1. Hey, can you find the accessible area per residue of the chain for me, probe 1.4 Å, expressed in square angstrom?
2. Given a 1.4 angstrom probe, I'd like the percentage of the accessible area of the chain that is carbon and sulfur, rounded to a whole number.
3. What do you get for the angle between helix 36-46 and the principal long axis of the chain? Use alpha-carbon atoms, 0 to 90 degrees, nearest ten.
4. Roughly how big is region 15-60's charge dipole about its Cα centre, with Cβ charges of +1 (Lys, Arg) and -1 (Asp, Glu), in debye to the nearest 20?
5. What does the highest-first list of 3-10, 44-51 look like by mean Cβ count within 10 Å?
6. Based on Cα positions only, what radius of gyration and what Dmax would you give for the chain, in angstroms?
7. Accessible surface of T2 in the full protein assembly, 1.4 angstrom probe, to the nearest 10 Å²?
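The values are calculated or read from the model by the stated rules, or taken from the named source; none is laboratory data. Remember, it's a predicted structure, so these values are computed and weren't measured experimentally. Backbone-built Cβ (ideal geometry, glycine too); neighbour counts: all protein chains shown. Areas reflect the complete protein model, heavy atoms only, side chains present, ligands, DNA and RNA absent. Shrake-Rupley method; radii C 1.70, N 1.55, O 1.52, S 1.80 Å.
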Amino acid sequence: MTRKITHICSGTCSRQIDIEIDQDTIRSVAFTGGCHGNTQGIAALVCGMQVREVIARLEGICLLYTSPS
């Protein structure tokens, strides 16, 4: 069964993350806003990974938005 999750971001460059999960595997990730290269890279790296593995790898990483100087 495929689930689609939309996460509204706060305090980061990205405004929204759309995730498609099939059982416990991430099938697709799309970011709205943020640095295009970074978001494309993250999306490509997590596709095909188990949800719990992605959480374990990324948990605790601080992604606070600061204005460019």
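1. Heavy-atom SASA per residue in the chain reads 76 Å².
2. Details: 2920 of 5210 Å².
Taking all protein chains in place, the chain shows 56 percent carbon and sulfur surface.
3. Between the helix axis and the principal axis of the chain, the angle is about 30 degrees.
4. The dipole of region 15-60 has a size of about 140 debye.
5. In decreasing order of mean packing, 3-10, 44-51 become 44-51, 3-10.
6. When restricted to the Cα atoms of the chain, Rg and Dmax are 12.4, 45 Å.
7. Near enough 80 Å² of accessible area.
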